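Participant: Please find one structure pasted underneath; my questions will follow.
The values are calculated or read from the model by the stated rules, or taken from the named source; none is laboratory data. Note that the structure is predicted; figures quoted are calculated from it, not measured. Cβ placement follows ideal geometry from the backbone for every residue including glycine, while neighbour counts extend to all protein chains displayed. Side chains are part of the model used for accessible areas, which takes the heavy atoms of the whole protein and leaves out ligands, DNA and RNA. Shrake-Rupley method; radii C 1.70, N 1.55, O 1.52, S 1.80 Å.
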Amino acid sequence: MPLTAEPVVPAGRWDGSSQPSLAADGLGLRPWHREDAADVRAAYDDDAIRRWHARTMADEDEARAWIEGKNAAWRAGTAAEWAVVAPTVRVDEPAQEGSASAGGTGRVVGRAALTHLNLFEGYAALAYWVVPEARGRRVAVRAGTEVLRWAFEDLGLHRVEVEHSTRNPASCRVAELLGCRAEGVRRGHALHADGHHDMHLHARLRTDAAVGAPSSASATP
Ligand SMILES: CC(C)(COP(=O)(O)OP(=O)(O)OC[C@H]1O[C@@H](n2cnc3c(N)ncnc32)[C@H](O)[C@@H]1OP(=O)(O)O)[C@@H](O)C(=O)NCCC(=O)NCCS
């Protein structure tokens, strides 16, 4: 039966394309590599990442499977997952603001992702975590701002949501700073280790007014 709506993002815009690397206000965003397994495993040692992403990571084999799953999701057109990297600055070398280039090398400081991607509807959800040592410098906001720019301007999505537990105020603040408006609470919507949590829903539409670039607390987390 023919559909009455046209796809927001024509499938041909994604098929066969390779995942871009992006530059985000002093940070690089690049596809995950198998070599990131030790960093990914270490990130899931953090109680907050384990809690809010509702999973553990036993060893590097599991981390490699996680990475392979992320890259397979790109090929399937269901998610776009980036490692967020910070330039490695030698202690005898002055830091240069905004010096990270797209795909730049450096240490992994976080994850930024568009999940639940639906090209026909023009929809995705934004997900993020930042390793404990890099927190406090708006890494999630800086990386998320670039992911949203890519989602709306380059890919052509219509709506991106952020959903977080009502017990996670840090994620709420990140969503606000990303210009994702609060839309309400989905009661008992997500299962965590301690049961179902009410989830606060935020979203930004392509047609929402642009948000000013966040002033970064530091260019080198
Ligand atoms: C949420 C998270 C990604 C933010 O990391 P970050 O980018 O380093 O964020 P920052 O520490 O720079 O904080 C960003 C903003 O949130 C605010 N914030 C941080 N912790 C907060 C808290 N517990 N309550 C309220 N606001 C908080 C900061 O003050 C800052 O706002 P400001 O710059 O206006 O002062 C990070 O804490 C994390 O990885 N948490 C565990 C995983 C997680 O929660 N993921 C999201 C699941 S939905």
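Participant: Comparing GLY110, GLY28, GLY122, which has the greatest mean-square fluctuation in the GNM of the chain with Cα pairs linked when under 10 Å apart?
Facilitator: GLY122
Participant: Kindly provide the helix-only [θ] at 222 nm of the chain, computed as the sum of -39,500 (n - 2.57) over DSSP H runs of four or more divided by all residues, to the nearest 500 deg cm²/dmol?
Facilitator: Using -39500 (n - 2.57) per qualifying helix, the result is -7000 deg cm²/dmol.
Participant: Also, quick follow-up: How much accessible area per residue does the chain have, in Å², with a 1.4 Å probe?
Facilitator: Counting only protein heavy atoms, the per-residue value for the chain is 51 Å².
Participant: Also, I was wondering about something else. Which percent of the accessible area of the chain is formed by carbon and sulfur heavy atoms (probe 1.4 angstrom)?
Facilitator: That fraction is 50 percent.
Participant: Once a ≥ b ≥ c are taken as the square roots of the eigenvalues of the Cα gyration tensor of the chain, is the result rounded (a/c under 1.5), prolate (a/b larger than b/c) or oblate (a/b not larger than b/c)?
Facilitator: It comes out rounded by the Cα gyration axes.
Participant: With +1 on each Lys and Arg Cβ and -1 on each Asp and Glu Cβ, how big is the dipole of the chain about its Cα centre, in debye rounded to the nearest 20?
Facilitator: With only Lys, Arg, Asp and Glu charged at Cβ, the dipole is about 400 debye.
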